[in-house]
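Every number here is computed from the coordinates shown, using simple stated rules; none is lab data. Model, not experiment: these values are computed from the prediction. So basically every Cβ, Gly included, is an ideal-geometry build from the backbone, and we count neighbours across all protein chains shown.
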Amino acid sequence: MAPSSLRATWLLTAGMEGIGYRKITGCSSSARSAACRASKTNKEKPEEGSMLRVSKVLMFAAIALLVSGVVIAQELKPITLPAPQTHGGKPVMDALALRATSRDFVSTDLPMQTLSNLLWAAWGINRPDQGKHTAPSSNNKQEMSLYVALESGLYLYVPESQLLKQIHNRDIRKATGKQDFVEIAPVNLIYVSDLIKAGVSNPDKAGPEALNTSAINTGFMAQNVYLWCASEKLACVVRGWVDIPELSKAMELAPHQRIIIAQTVGYPKK
Ligand SMILES: Cc1cc2nc3c(=O)[nH]c(=O)nc-3n(C[C@H](O)[C@H](O)[C@H](O)COP(=O)(O)O)c2cc1C
């Protein structure tokens, strides 16, 4: 039983003035005087004000840290791909005979093994002793980056460790092109040139001609994907119809990183 008519309690409060602690008072059932009821609305005493302000600031800082921690934790979830299966598939001549563009996709995800094989075909390392790739690179500048837009976010393919480094966790498939199927298909590849690696002077202001050799390099990578898709009976289309400024923004690219083209891969509609 409460010995007096007033009980003091510190409550966590939230309101127009923000989040903080407030000292409130309550009346016991046996004491219902006007003074008691009036005391319930009393806020903190003046000398408690500065302490409360400090605690409010600390509380906000703690919440901000907590929220940013959660966001960072969500954004940095890499996908470790299984080792690629680098044998088998159709003979090259059969794959060439079957290579074709298809724009009819279903939304079914590719299994991780299939995604790993696809990325290795596009840009994997096939000579680990030299760190060289399945596609050639003009002057061996190796300026290409292969980004992968999945439902779970945007990733950068890291061929040295066969993993997908997560750039962010937003589904930007729709921003990868101006055709309806891009948001349905499970995988959209985006080929990006790093003009610093390409040795272009003043890369942030370089014009489209600076991308010529990167565009040729990209052609080899995209054809690798076409042939691999032909071998695996997957649908594939390389796409230049892309809003490049919009996609660069969605990908959070730096000015020296330039999109060359995109390519969609998935299971075909029956
Ligand atoms: C550089 C380039 C850009 C292309 N851009 C698009 C595109 O934005 N959208 C699309 O549906 N197809 C695109 N295509 C695919 C072509 O339309 C396709 O290759 C052509 O119709 C020939 O068909 P095939 O690939 O089956 O031989 C592009 C092809 C190339 C080589």
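Dipole check for segment 136-213: with +1 at the C-beta of Lys and Arg, -1 at the C-beta of Asp and Glu, and the Cα centre as origin, the magnitude is about 80 Debye. Across 5 Å bins from the origin, how do the percents of Cα pairs in segment 79-266 run, short distances first? For segment 79-266, the binned pair fractions read 1, 8, 17, 21, 22, 17, 9, 3, 1 percent.
If R0 is taken as 22 Å, the Cβ-Cβ distance between THR101 and SER152 corresponds to a FRET efficiency of 0.25. What the phi angles of segment 183-192 give under the Karplus curve with 6.51, -1.76 and 1.60, with θ = phi - 60°, is a coupling list of 8, 8, 5, x, 10, 10, 8, 10, 8, 10 Hz, glycine and proline written as x. Between ASP243 and SER161, residue separation times 0.36 nm minus the direct Cα-Cα distance comes to 26.4 nm. Listed from fewest to most Cβ neighbours within 10 Å, the set ILE79, ILE196 follows the order ILE196, ILE79.
Arranged from fewest to most other beta-carbon atoms within 10 Å of their beta carbon, LEU110, LEU164 become LEU110, LEU164. Once the Cβ-Cβ distance between GLU209 and ASN126 is put in as r, and R0 is 25 Å, what FRET efficiency do you end up with, to the nearest 0.05? E(calc), rounded to 0.05, equals 0.25.
Evaluated with a Cβ-only charge set (Lys, Arg +1; Asp, Glu -1), segment 79-266 carries a dipole of roughly 240 debye about its Cα centre, given to the nearest 20.
Note on ASP109 and HIS87: their simple-model spin labels are 2.9 nm apart, each label 7 Å out from Cα toward Cβ. Remark: PHE105, PHE181 ranked as PHE181, PHE105, counting other beta-carbon atoms within 10 Å and listing the fewest first.
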